[in-house]
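Report on the following structure.
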Amino acid sequence: MRLEPIANASLARRLGLPLAALGATVIVAGVLALIAGANPFAVLGQIVTGAVGSKFALLETLNRATPLIFTGLAVAVAFKAKLWNIGAEAQLYAGAIIAVLMGTGAMESPIVLPVSALLAMAAGALVLLGPVLLKTRLGVDEVVTTLLLNFIMLLFVSYLLEGPMKDPMGMGWPKSEPLIKDARLPRIVEGLRLHWGFALALIAAVVVYIIERRTTFGFEMRAVGSNLGAARFAGIPVNRVLVQTALLSGGLAALAGWSEVAGLKGHLSQDLSPGFGYTGIIVAMLALLNPIGVVGTAIFVAGIFVGSDAMSRAAVVPTYIADMLLASALLFMVLALLLTRVRVVRG
Amino acid sequence: WAAEPIKMAGIYTVPVEQQWVSRIHLAAEAAKAAGAVDYVYTENVANTDYARVMREYCEQGMQLIVGEIFGAEQEAREVCSEYPNVAFLLGSSFPPDEAANPNLAVFDNYVQDASYLSGIIAGAMTKSGNIGMVGGFPIPEVNRLMNAFMAGVRETRPDAKFQVSFIGSWFDPPKAKETAFAMIEAGVDLLYAERFGVSDAAKEKGILAIGNVIDSQADYPDTVVASALWHFEPTLNAAIEAINGGAFKAADYGVYSFMKNGGCSLAPLGTFEGKVPAEVMAKIAEKEAAIKDGSFTVAIDDGEPKSS
Amino acid sequence: MTDKNAQAEEFVLRLDGISKRFGALTANSGISLGLRRGEVIALLGENGAGKTTLMNILFGHYVADEGTVEVFGEPLPPGNPRAALAAGVGMVHQHFTLADNLSVIDNITLGTESLWSRGNGRAAARARIKALSRDFGLAVHPDARVGSLSVGERQRVEILKALYRDARILILDEPTAVLTPQETDALFDTLRRAIAAGLSIIFISHKLHEVIAIADRCIVLRHGKVVGEVDTHSTDRAKLASMMVGGEIALPEAEARAPGPALLRLNHVSTRAKGTATGLRQVTLDLCSGQIIGLAGVSGNGQAALADLVSGLVRPDQGSIEIGGRQPIVWSPREALRHRIARIPEDRHKTGTISDFNLTENAVLEGYSCPPFSRRGWMNWRAAESFAKDIIAKYDVRCQGPAQRIRLLSGGNMQKLILGRVLEPTPKIILANQPVRGLDVGAIAYVHSRLIAARDAGAAVLLISEDLDEIQSLSDVIHVMSEGRLSPGFARGSMTAAELGLWMAGQGFEGGEDAA
Amino acid sequence: MTDLIDILISASFWAAVIRIASPLILATMGELICERAGILNLGIEGIMVVGAFTGWLAVYQGMPLWGGVAVAMAAGMLFGLLHATLTIPFGLSQHVVGLGVTLLATSTSSFAYRLALPEVTSPPKIVPFQPLDVPVFSDIPFLGEVLFTQTAFTWFAFTVAVLVSLVLFRTPLGLAIRAAGENPSAVEAQGLSVTGLRMGAVIVGSGLMAMGGAFLTLSAFSSFFFEMVNGRGWICVALVVFGAWMPGKAALGAILFAAFDALQIRLQQTPLGADLPYQVFLMAPYVLSILALILMSRRAEVPAALMTAYNKGER
Ligand SMILES: Nc1ncnc2c1ncn2[C@@H]1O[C@H](COP(=O)(O)OP(=O)(O)OP(=O)(O)O)[C@@H](O)[C@H]1O
Ligand SMILES: Nc1ncnc2c1ncn2[C@@H]1O[C@H](COP(=O)(O)OP(=O)(O)OP(=O)(O)O)[C@@H](O)[C@H]1O
Ligand SMILES: [Mg+2]
Ligand SMILES: [Mg+2]
């Protein structure tokens, strides 16, 4: 078999296939429910209710999507320039650390928010800068360095939380002091967890889109990513572009951690991120590295997870079904999206 | 018991095999078997999702929610105040707050009493006086027991030396095992088994181990001398009675883990019956009595234990 | 087409009514042809005429929509290179199919032994390869890493691959596009030996004199159809050319002119050798306004180094560059562009263009950072697109429009876009490195006329080519490079091809006869 | 300092190093095969979990130990097949599919475990591989303890490493696999099936990864825990690069990493351990790996076609 590009796919194809992917996921859900001794025909309803069935559910989905948008953007930007940043997790925590440093009394005025946001981006950028300099100067593979930095950063955070940054009022539990009021991102709807970090994420997506499409830097970034040799020959300062890309990518990932702390948790703990950095890679690739698409895929991923997780409780089946369904939905969806662009032919 | 079983939900941030959580889970299963509650649970919940899960259960009409909010205090307490008719019994490092959350009672594994007694045995059983302790993370729930244990050891072995290591994970038995091996090489002849994997190392190298929170002697008959057990039943039953009596209110249920309330105990010596010197057992009996009648209290120290 | 039944038996290969469509476009339609034992057929046609597609079908890379392939009377199963190989068909692809990180011997033996066997040792294979190299004059070291070989040597490896599998039918798709005259002669020598050994050959080339030199019959394709078939002995270049494009082409003639002032000057420049590529040795050269300087030489003798130097990719290790009498402080591609140096790169696919970018983006690849294409860091796509449109119109780039991805253009059209990109800003200096490699006659004539026009407008042109005809027909002054050294300049017509050949072989340089 | 020396010259230290390295070596070889064929397999972490789970479950259900290993391998190959199908004929992003497979494999194991053992006690144990002490050799002073206190599974792991390098560099099959990772069209032009070669490599490689996981439950320990693989898979991805895609070097890398780990565990016992926070020690292996990578970073020969999908008939 081989794949043949479709010049202009029909609307039916472009809508039908993704729907089919969702359908397949629901079928998987039903089968799993059956295996676990629950009612297979209830699951669809339970998932939908859990993901978007109520104002609460919907906002929870968006809330979980927020960090994914940031990490997704971070990865999308880096991968565009063929900079394999697998370290969004580490950069995320760098941002979170700054949010705490700045938010626990370093500054006592509303401007602490923008300031700490910027510093957070700087910190995240710094974390990625190392691997990128190693890549450009010594040709050290960044996949490995960024990957390993994730582990190092987590241990560093654990050290901070059990040492210098430990909350004296925390009864010995390893977590940071809570942020002061000024340093918190307000909530969008009182009583529900969704905070302005989400709005910020949307803005970030638009900004990244504009940078990529409308600025010379964006052009350089895409050129370097598509053909390094040609870019260099054309006089594009390749290494500078890689470094700038890294700064942007690291900064975006850092915002994920920053907004989780400033918007959601109000303090830093070791388990701030259940792998948002890694899921960001999925989100970005699912969106074909398109910044606007990232928003959609992030919400999709969050929705599937929140929905199936809620379903696991409604149907009383092991909670691990949520991750199974997320993974299935994901794989079905990438396949479906591919088949909207190509058709399978023999030979 | 009331006719109607209470609708109860457990929310745990780790899989229910984790020793600490397993005690809550087993107590709940027991209550369910006794028809007192109608119990469902969710495990391995990330703290990010904790508040959401609490809410979902509340919306499902749960009457009692049990869990651990060490990593999500603030958000969790908000949810509590949003559902005043639901009773919350949550593991927390913070005191209850009558004003803000009249429906939130807190607890923790205050089993220092038993740990202390197990320490006394350890001190008596070690020859080299060199004792190893392998922990997951140095959190209060872990430190508290280690410190009490060390205090106990010093009763019978004032010159005891301790080697403490944390492996930075709740679930990496191979790593815990390797760490234990390293300690044994370094001359340790008795291990305090806070993590899975430690007793296995002790067993392989033929030295002794002291169990913790759960009784694992069945798996290591010739290795685990004694274990400091945590019994969650008193805590849970107290809550259930309160609810049935319509009297559930903010309170610190920590005391229900104390020995005098049957919240913890020293596991029966079992296979080691008679292998522990009689005078030591006598000492333990006397200490136990003292603890129970309140004439002696084991200090609660949540600080991170260090090697000596 | 000759009457089938009559001569069926003497055909070793027969294509019958082959048609192939790619979406809307018809690459081959109803092509039939037969190849006799010991015969050499030349396939001619413009870029995109369908030659490569036809051969890919024959070899089983593509599956034809209609038509059949017969080898030695046996029909070939479609879409199965393995079967083609087994039937004795060997193909040397237009774009080499070699693994650079593997050794020659690995590339050749790949897939020749059962995957589940232990493999009967490299010694045997090495011996066999040595023998073949000897018999067919294909000198190449079996243990060399392919990545370290010159283009010519890689070509030999490709041919060895086919011979190693005892191919009876050899297909060569533009084998000479990347070869020097010497290498081409060597190749032809090889092919003649092959014919003597009873092989039959299909040969694709845009270089008509070669076709006439080697082929018995020429089959001309246009827009995927056979538009003509001639016996090479009864035709000439002009006839073939007009058959291909379906009309006359005026080959540009450049007559001598008086040179202007030197715009770029190299003073005793030396550069370090990069891997296998030779560096420059004490090169001194003036590029003068209104003059085309032709640089001849066997590939791998420093032309690449000189091109890299002028295009800003490398700095001199010793000696200096002077532009307009001043030495640039930094030297980089961007700096070169700032000094209005137009650079036509050797490899349009790898360095000249970005395949996944559209024509607009490729058109401003070099100019994007300055007005009108961008201001204060913001791109002005409207300006960029109109620029692309201008080029497409002015240089008649055949495409669907400025938004089309450039990978879909044929080499000729890619080259035209690059030409427009670099010539539009009216450069002072032009570096043209193999500007017509792989292009059809029409495209070649076009590129050449553009270069001449630029010269007449006062630009200094440095033309690097391995095609002596090209050099001799265009250059006002010819230099020869050998082992990084530059020969004195020879005025137009002052030297015969043979004499230049001697210089190319390294003779005449001070420092004696250390031949290449 | 003297502590350090003492540790480094102790046989038990090197015995530990070999123990810790074994699962890493198995999984690293698996990843290496995939990448040599041109496919980055980020499913490794999850596939190791599946191996750890299925291998253990099989033995718990009464299978012999090697039966468990075989089951683990089969399960791994199944997920390998999934990864291969999506990334090779369909040419989907190897990052997404890899992470997706990891997520799927991990959660499936947890889900299945929970269904298989609903009533929770501390996880049931099996009798794992025992150290096989060969009568005479075991008594050789130093080497005896280092080599002959190891289980058969460890020996198996090291044998696999040798086999992998033999197959890759001494057989037509190995040549074809490497070529598929260097230039697929070269493979196609020689009449071989790129798809076949790559799929085979990914499936077999995944089998090895799963066996690496099984080592944790069948040799290193005796029962299954959800998060017990604990990032080892990611380490193996790093080790492949570290080893410059050479089986020998990669195995050495695994041993080096294991040495760092065994060392930090022991240094925690020294007086040093009392004053330095324990995180510093846990960090050591990762930091040192990066340093090592920098020191030996003269651009290794990355398989030229790594992470590039191949669709025949496309330009
Ligand atoms: N893989 C492909 N997919 C789609 N269209 C293709 C493909 N390959 C070739 N074509 C189409 O078939 C036509 C013939 O291409 P082909 O490569 O055979 O031309 P050619 O005669 O070899 O040109 P050149 O002389 O430059 O090598 C092209 O114009 C192109 O439009
Ligand atoms: N993916 C593709 N889809 C459609 N057409 C294609 C594709 N790839 C190549 N082509 C067509 O194939 C034809 C030949 O492509 P090719 O790259 O061989 O050009 P070329 O003239 O041979 O360039 P060169 O000789 O420099 O390699 C072109 O006309 C181009 O339109
Ligand atoms: Mg062609
Ligand atoms: Mg061509």
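Overview of results
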| item | result |
| --- | --- |
| Packing rank of B:135-144, C:287-296, where each peptide gets the mean count of other beta carbons within 10 Å, highest leading | C:287-296, B:135-144 |
| Per-residue average of Cβ from other chains inside 10 Å of D:239-246 | 2 |
| Backbone N within the stretch C:311-346 under 20 Å of label point (7 Å from C:Asn267 Cα along the Cβ vector) | C:311-312, C:314-332, C:336, C:339 |
| Gain upon complete extension [C:Ala498, C:Gln400; 0.36 nm per residue less C-alpha separation] | 30.8 nm |
| Rounded to whole Å, sorted largest first: equivalent-ellipsoid semi-axes of the protein assembly as shown, Cα gyration tensor | 69, 34, 31 |
| Set of aspartates and glutamates with alpha-carbon distance to A:Lys55 below 20 Å, sequence-local pairs under 8 removed | A:Glu190, A:Asp309, B:Asp49, B:Glu56, B:Glu59, B:Glu75, B:Glu78, B:Glu82 |
| Between the stretch D:105-142 and the stretch C:170-238, the alpha-carbon center distance in angstrom | 69 Å |
| Cβ-derived FRET efficiency at R0 45 Å, B:Glu273 paired with B:Asp97, nearest 0.05 | 0.45 |
| Compactness index (Cα Rg / 2.2 N^0.38 Å), chain B | 1.02 |
| Modelled FRET efficiency - R0 51 Å, A:Ile35 with C:Leu25, Cβ distances, 0.05 increments | 0.50 |
| Angstrom value of the Kirkwood radius, inverse mean 1/r, which spans all Cα pairs in chain D | 20.2 Å |
| Gap separating the Cα centres of the stretch A:192-251 and the stretch B:203-258, nearest whole Å | 55 Å |
| Exceeding the 24 Å Cα-Cα cut-off - candidates C:Lys20/C:Lys416; C:Lys207/C:Lys416; B:Lys127/B:Lys283; B:Lys205/B:Lys283 | C:Lys20/C:Lys416; B:Lys205/B:Lys283 |
| Kirkwood Rh and Cα Rg combined as Rg/Rh, the stretch C:406-516 | 1.02 |
| Overall Cα dimensions of the stretch A:1-94 - principal axes, largest extent first, Å | 46, 43, 27 |
| Sequence-distant residues sharing a close amide H with C:Val227 (under 5 Å, placed H) | C:Val220, C:Leu221, C:Arg222 |
| Mean Cβ neighbour count within 10 Å, used as a protection proxy, ranking C:218-228, A:94-104, D:14-24, C:377-387 highest first | A:94-104, D:14-24, C:218-228, C:377-387 |
| Distance in nm between pseudo-label sites at A:Val189 and C:Ala131 (7 Å out along the Cβ direction from Cα) | 8.2 nm |
| Taking all pairs of distinct alpha-carbon atoms in the stretch C:346-426, Kirkwood radius in angstrom | 12.4 Å |
| Highest to lowest packing among A:202-210, D:101-109, scored as the average C-beta count within 10 Å | D:101-109, A:202-210 |
| Cα Rg over Rh - the stretch A:237-347, Kirkwood | 1.06 |
| Mean projected area in nm² (Cα convex hull; one quarter of hull surface) for the stretch B:1-149 | 10.3 nm² |
| Label-to-label distance, nm, for residues given as D:Ala274 and A:Ile292 (7 Å Cα→Cβ offset) | 6.5 nm |
| Rg ratio (alpha-carbon, reference 2.2 N^0.38 Å) - the stretch B:209-308 | 1.31 |
| Inter-chain shielding of B:11-22 (mean C-beta neighbours from other protein chains, 10 Å cut-off) | 3 |
| Size-normalised alpha-carbon gyration radius of chain C, reference 2.2 N^0.38 Å | 1.01 |
| Estimated FRET transfer efficiency (B:Ala34, A:Asp182; beta-carbon r; R0 45 Å; 0.05) | 0.30 |
| Residue-averaged beta-carbon neighbours from other chains (10 angstrom radius) around C:56-63 | 3 |
| Phi-based couplings in Hz for the stretch C:12-20 (Karplus 6.51, -1.76, 1.60; Gly and Pro marked x) | 8, 9, 9, 9, 10, x, 6, 10, 8 |
| Sequence-distant residues sharing a close amide H with C:Ser374 (under 5 Å, placed H) | C:Asn380 |
| Kirkwood Rh in Å, taken over all unlike Cα pairs in the stretch A:65-290 | 17.5 Å |
| J(HN,Hα) series, the stretch B:223-238, from Karplus relation 6.51 cos²θ - 1.76 cosθ + 1.60, nearest Hz, glycine and proline x | 10, 7, 6, 8, 9, 8, 9, 9, 10, 7, 3, x, 4, 5, 4, 3 |
| Among the listed pairs A:Lys135/B:Lys177; B:Lys203/B:Lys260; A:Lys80/C:Lys161; B:Lys161/B:Lys203; A:Lys166/B:Lys175, those beyond 29 Å (Cα-Cα) | A:Lys135/B:Lys177; B:Lys203/B:Lys260; A:Lys80/C:Lys161 |
| Approximate spin-label separation C:Ala238-D:Glu301, in nm, with each point projected 7 Å along Cα-to-Cβ | 5.4 nm |
| Cα convex hull volume per residue for the stretch C:3-245 (Å³) | 132 Å³ |
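Every read-out reported here was derived from the displayed coordinates using simple, explicitly stated rules and does not represent laboratory data. No experiment lies behind these values; they were computed from the predicted model shown. Glycine also receives a Cβ, built like all others from the backbone with ideal geometry; neighbour counts cover every protein chain displayed.
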